[in-house]
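In what follows, a structure is listed as structure tokens, so that the remarks can point back to it.
The values are calculated or read from the model by the stated rules, or taken from the named source; none is laboratory data. Computed from a predicted model, the values in this text were never measured in an experiment. All Cβ positions, glycine included, derive from the backbone under ideal geometry; neighbour counts span all protein chains shown.
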Amino acid sequence: MSSDQPTELKTHQPPAALVAAARVSGMAAYHALVAEAEADHEAYWGRLAREFVSWKTPFTQVLDSSQAPFFKWFADGTLNVSHNCLDRNIERGLGEKTALIFEADDGAVTKVSYRELLAKVCQFANALKARGVKKGDRVVIYMSMSVEGVAAMQACARIGAIHSVVFGGFSAQSVRDRVQDAGAVMVITADEQLRGGKQLPLKAIVDEAIALGGCETLKNLIVYQRTGGKINWHPERDRWLHEELAGQPSTCEPEWVEAEHPLFLLYTSGSTGKPKGVQHSTGGYLLHAALTTAWTFDLKPDDVFWCTADIGWVTGHSYITYGPLALGGTEIVFEGVPTYPAADRFWKTIEKHKVSIFYTAPTAIRSLIKAAEGNAAVHPKNSDLSSLRILGSVGEPINPAAWEWYHANVGGGRCPIVDTFWQTETGGHVITPLPGATPMVPGSCTLPFPGITAAIVDETGADVPNGSGGILVIKKPWPSMIRTIWGDPERFKKSYYPAELKGYYLAGDGAIRDKDTGYFTITGRIDDVLNVSGHRMGTMEIESALVSCTELVAEAAVVGRPDDTTGEAICAFVVLKRSRPTGEEAKQIATQLRNWVAKEIGPIAKPKDIRFGDNLPKTRSGKIMRRLLRSIAKGEAITQDTSTLENPAILDQLTQAN
Ligand code: PRX
């Protein structure tokens, strides 16, 4: 939590009119749902699964815990996600309703109805089948925000292929690692992406990834022509999407899959090793994506929903590709960046499309506050934001000052802010206010979503009293939980169900509950995972990237430090193979290393600070003392015990180094 947290926090009540019409109306309704789930966890989730999901074959068993922690939900039911998101809405009479409003980087708008989207997804699905992709095959999608990106995901779901979307900012090495780990048979990409008026490569990065070797499972590369920019072409492998789609029928019988069939893998960082492929199911995942879109965002037929996340992150999966479409909603798919053509792009886009529900990240809000403070012309007050009724925040803690600004200046003081806490692994919101029920306290994600048994415990799994911080866990399984780590079930067990925690799911965050209200506040990760601009990264991953620059680097340690805009910033302490550089030379080598990390992982992993030392602070047994590095990175005086340090003089050197 940021230092600007006032001691007395103001509580904001949800507006009466919103409460009256909300899907979950008032705290009594919230408590009734919590009580229903407490009384019979399985009956509660079973009821919702029947209400929110359309099944081809109804399930007869809700939860199978026989192989815990490999839980199975609705296991003998069959369904298809794309049928739920498309055909079902057309059957309900929503065929001509706008499903997607694509707002391109340059402001061009394309509207796609449910009928059109279904036709496109079916053609796409047929094209995948024509290239031999079948149920259970993995398909990597490396695309920017586009109708085609959403359609590619839905097309995989339609034929039972497992997609793994890789964020368009990741490097060739990262793409290669994911293709290899997933054993993907196909990559779907675009020639280039457009962001902030710039054309950035995508296909060229995939070419580079394949050239690195290790992608032997890959048979086809499908390329969506976005910019028409120049790219290299390998005729034996590369296919244009428009050519693949041409002539394909616009109907395609969905592949009815078991509820536990994997819908997707999404790679995310942990505290050790390479990013892990978080595996999600079909039935349970879809249920929670739909349910949270309904209750947390109170999505109604007339709403225009805008989640600004990228489809490369879990937020884009649950709240762009799946949740809103499962409910027959209308949503924006935004290609651009918040600062182009000016830092009022979000506000102008809300005005232009009369957005009623807006969901973004604290980092974006903080940078737009700065922009508006520096230039009154881009302040949200210059845009008509009266269409908004609900605001959301995701990905990192929102500091109370940013919350209040968002509430007053974007929400006009009338829109509740849902501060949604969740993770790639949880599939959807797990702790969040409900906009027509929960009184909000800035900086707190408030209370568990009904049916989610979030709690705070100590290292032995014992409950801690409210007011004392501890480890955030979820005591009972829930439908959209991670099923396993692709190819590494042991790592799944170790990471999320450590023996000492009594079978509780370990989130990896610390949290504290308020003494009086029981409200949760997330205090940050308790492992070596950083959150930079809402992007999750492992310190070990960045360290390995640095030390893989074997020409220069002997040793590296990476820690996070608080940053006003990005939440956390990456700070690297590096020992070079040569003598310690200073002045201009240090700056040059730091730039070289930043670019190296960008090449290894992606630009989002570039360390903000790089400090060079002759050594790193280590105990006599050779363990790097990261807590000291964290203090140095923060610019704090070192008050910790340093008596076990082998080389105390190094602290002064690292403190002075820049
Ligand atoms: O530390 C928590 C933080 O983001 C982590 C999950 O990151 P990722 O899997 O990339 O998913 C991000 C989008 C859901 C969490 O372990 N986090 C996420 N939302 C919040 C948050 N921290 C505080 N408040 C939140 N609302």
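Name the residue that is farthest from residue 654 (Cα to Cα), counting only residues in the range 600-625 that are among the β-branched types (Val, Ile, Thr) and surrounded by 20 or more Cβ atoms within 10 Å (Cβ to Cβ).
Looking at residues that are among the β-branched types (Val, Ile, Thr) and surrounded by 20 or more Cβ atoms within 10 Å (Cβ to Cβ), I get 601.
Which residues, taken from the range 258-292, are within 16 Å of the ligand (Cβ to nearest atom), more than 17 Å from residue 139 (Cβ to Cβ) and assigned to a strand (DSSP E or B)?
268, 276
Collect the residues in the range 427-455 that are within 14 Å of the ligand (Cβ to nearest atom) and in a strand (DSSP E or B), keeping them in residue-number order.
431, 440, 446, 448, 454
Within the range 401-425, how many residues are surrounded by 24 or more Cβ atoms within 10 Å (Cβ to Cβ), assigned to a helix (DSSP H, G or I) and within 10 Å of the ligand (Cβ to nearest atom)?
The number of residues fulfilling the criteria is 1.
Which one of these does residue 61 not meet: (1) farther than 26 Å from residue 308 by Cα; (2) touching a Lys or Arg at 6+ places or on another chain (Cβ under 6 Å)?
Here residue 61 meets the rest and fails (2).
Quickly run through the range 37-72 and pick out the residues that are assigned to a helix (DSSP H, G or I) and under 30 Å from residue 490 (Cβ atoms).
Within the range 37-72, 41, 42, 45, 49 qualify.
For a quick check of your reading of the model, give me the residue pairs whose first member lies in the range 254-282 and is touching a residue at least 12 places away in the same chain (Cβ under 8 Å) and under 14 Å from residue 496 (Cα atoms), whose second is among the basic types (Lys, Arg) and assigned to a loop (DSSP other than H, G, I, E, B), with beta-carbon atoms closer than 7 Å and at least 6 apart or on different chains.
279/483
Name the residue that is surrounded by the most Cβ atoms within 10 Å (Cβ to Cβ), counting only residues in the range 528-544 that are closer than 23 Å to residue 316 by Cα and more than 8 Å from the ligand (Cβ to nearest atom).
530
Got a sec? Which helices (runs of 4 or more DSSP H) wholly within the range 302-395 have at least 2 residues that are more than 16 Å from the ligand (Cβ to nearest atom) and surrounded by fewer than 21 Cβ atoms within 10 Å (Cβ to Cβ)?
Hits in the range 302-395: 345-353, 362-374.
Residue 465: assigned to a loop (DSSP other than H, G, I, E, B) and surrounded by 19 or more Cβ atoms within 10 Å (Cβ to Cβ), yes or no?
It is false that residue 465 is assigned to a loop (DSSP other than H, G, I, E, B) and surrounded by 19 or more Cβ atoms within 10 Å (Cβ to Cβ).
The rows are residues; the columns are (1) crowded, with 23+ Cβ neighbours inside 10 Å; (2) touching a Cys at 6+ places or on another chain (Cβ under 8 Å); (3) within 14 Å of residue 251 (Cβ to Cβ).
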{"site": "86", "(1), (2), (3)": "yes, no, yes"}
{"site": "90", "(1), (2), (3)": "no, no, yes"}
{"site": "101", "(1), (2), (3)": "no, no, no"}
{"site": "107", "(1), (2), (3)": "no, no, no"}
{"site": "110", "(1), (2), (3)": "no, no, no"}
{"site": "115", "(1), (2), (3)": "no, no, yes"}
{"site": "138", "(1), (2), (3)": "yes, no, no"}
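Given the criterion over 24 Å from the mean Cα position of the chain (by Cα), β-branched (Val, Ile, Thr) and crowded, with 20+ Cβ neighbours inside 10 Å, identify the matching residue among 223, 206, 187.
223
Looking only at the range 554-594, filter to residues that are within 32 Å of the chain's Cα centre (by Cα) and among the hydroxyl-bearing types (Ser, Thr, Tyr); which one of those is surrounded by the fewest Cβ atoms within 10 Å (Cβ to Cβ)?
Per the stated criteria, the residue is 591.
Could you check residue 441 against (1) aliphatic (A, V, I, L, M); (2) without any contact (Cβ under 8 Å) to a residue 60 or more places away in the chain; (3) surrounded by fewer than 24 Cβ atoms within 10 Å (Cβ to Cβ) and say which number it fails?
Against the list (1) aliphatic (A, V, I, L, M); (2) without any contact (Cβ under 8 Å) to a residue 60 or more places away in the chain; (3) surrounded by fewer than 24 Cβ atoms within 10 Å (Cβ to Cβ), residue 441 comes up short only on (2).
Looking at the structure I just gave you, is residue 635 buried (at least 19 other Cβ atoms within 10 Å of the Cβ) and more than 30 Å from residue 166 (Cα to Cα)?
no
For the range 493-507, indicate whether the set of residues that are away from the ligand (no atom under 14 Å from the Cβ), touching a Pro at 6+ places or on another chain (Cβ under 8 Å) and closer than 30 Å to residue 565 by Cα is non-empty.
No, there is no match, as no residue in the range 493-507 is away from the ligand (no atom under 14 Å from the Cβ), touching a Pro at 6+ places or on another chain (Cβ under 8 Å) and closer than 30 Å to residue 565 by Cα.
Out of everything in the range 508-527 that is of a type in the set (D, E, K, R) and within 12 Å of the ligand (Cβ to nearest atom), what residue ends up being farthest from residue 464 (Cα to Cα)?
The qualifying residue farthest from residue 464 (Cα to Cα) is 527.
Does the range 613-631 include one or more residues that are closer than 17 Å to residue 544 by Cβ, in a loop (DSSP other than H, G, I, E, B) and charged (D, E, K, R)?
Scanning the range 613-631, I find no residue that is closer than 17 Å to residue 544 by Cβ, in a loop (DSSP other than H, G, I, E, B) and charged (D, E, K, R), so the answer is no.
Working carefully through the options 286, 299, 265, 291, find the one that is farther than 14 Å from residue 357 by Cα, modelled with pLDDT of 95 or more and in contact with a strand residue (DSSP E or B) (Cβ under 7 Å, 6 or more places away or on another chain).
265
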